[in-house]
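Taking it in order: structure first as structure tokens, then the write-up.
Taken together, the values in this text are just the output of simple stated rules run on the coordinates, not laboratory data. Just so it is clear, the structure is predicted and the values come from calculations on it, not from any experiment. Positions of Cβ are generated from backbone atoms using ideal geometry, with glycine treated the same way; all protein chains shown enter the neighbour counts.
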Amino acid sequence: MEELFVFVDAPAHGDRWTTTVSAHDLIALHPELRCFGEGGSGARTSQQPWLEEAVEAGLQRYGYDTFGRLYIDVLGRIDELVCEALQDSVLAMQATLGRPGATGQLAAREQALLEQILDEEEGVARYVEGPMLELRYQRPITRLRTLYALRGARLGRGLPYSIDAAQILEDAFGGEAFVIDFLGMKERVARTVDAVSLACRSFARRDLAQLYRVLFYDVMDGLTQKFSMNMPFQRFVIGGWVLPEVRRRHTLRRLGAEEAPEAEIHPVARGARRAAHEDGPGLQPF
């Protein structure tokens, strides 16, 4: 059985992302790769180890060029939503305490979140089936958590290649992790403290890397599944990264094969030409 292809060391050293196809399978499935086998497209590619090595090298290049950017993209989107949730938590506290203008600002933020949620059919369906009739009766911090759960799910559906990211982010933003009840926290502590400062210090110590890892593993599972099963996506990767490497190695092999007979038949003549070049005045016509 052919060994499945594994993307390694991207975006971080030691990373391994296993596909469900092998380099041999890719060559067999795509004529643009098969034609590089000796004897034409009908040749047995299993007899061409250089071709499989070239395909694997091109695939790894795709991983190096792509996965790092994908990781940064996923982190950037989550970080932006986390910052918004913290700011809105502070605004909810201020509205509850009656700061002038805070109630109107919070209402505007809730409306902006709702518009983001309802910009797709799936978001509309999710909103109508549950939270729509509940929001008006919820207190500000609970209402924010409801909206951010829906907004997290919306973001998860928009992450590239994601499988379960919508549910992962709905659970994360619907709890106490990112939409923080500062007043409730202040009531639970033993002495009078600045609840905002306490929450921010706690948040700074929280390890967000676990959420990032879970999300990126989900995205990478989706990417490797798509690569393994989606022929147009395979052709995209092959055309952009694999074929250039295969052509480069094929050209080097052809040049090496053309030079070999001359080296065997005229070794003395080649040596004489090299000696004449070295001993000459350096003004060669070619």
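List the chymotrypsin sites (Phe, Trp or Tyr not before Pro) in the stretch 108-167 that DSSP assigns to loop (not H, G, I, E or B) and whose Cβ has at most 12 other Cβ atoms within 10 Å. Which are they?
Filter output for the stretch 108-167: empty list.
Computed FRET efficiency, Cβ-Cβ of E129 and R253, R0 45 Å: what is it to the nearest 0.05?
Approximately 0.15, to the nearest 0.05.
How large is Rg/Rh for the stretch 137-176, to two decimals, with Cα atoms and a Kirkwood Rh?
The Rg/Rh ratio comes out at 1.07.
Taking θ = phi - 60°, what integer Hz values does the Karplus form 6.51 cos²θ - 1.76 cosθ + 1.60 yield along the stretch 246-252, in sequence order, with x for Gly and Pro?
Karplus values, whole Hz, x for Gly and Pro: 5, 5, 4, 6, 5, 5, 5.
So what are the ³J(HN,Hα) numbers for the stretch 3-16, from phi and the Karplus equation (6.51, -1.76, 1.60; θ = phi - 60°), rounded to whole Hz, Gly and Pro as x?
Karplus-based 3J(HN,Hα) across the stretch 3-16 equals 6, 5, 7, 10, 6, 10, 6, 8, x, 10, 4, x, 5, 9 Hz.
So what's the stretch 1-156 giving for Rg/Rh, alpha carbon basis, Kirkwood Rh from the mean inverse pair distance?
1.28
For R206 and N230, FRET efficiency with R0 = 41 Å and r from the beta-carbon atoms, rounded to 0.05?
The formula returns an efficiency of 0.65 here.
List the GluC sites (Glu not before Pro) in the stretch 118-164 that DSSP assigns to loop (not H, G, I, E or B) and whose Cβ has at most 13 other Cβ atoms within 10 Å. Which are they?
Those satisfying the criteria are E120, E134.
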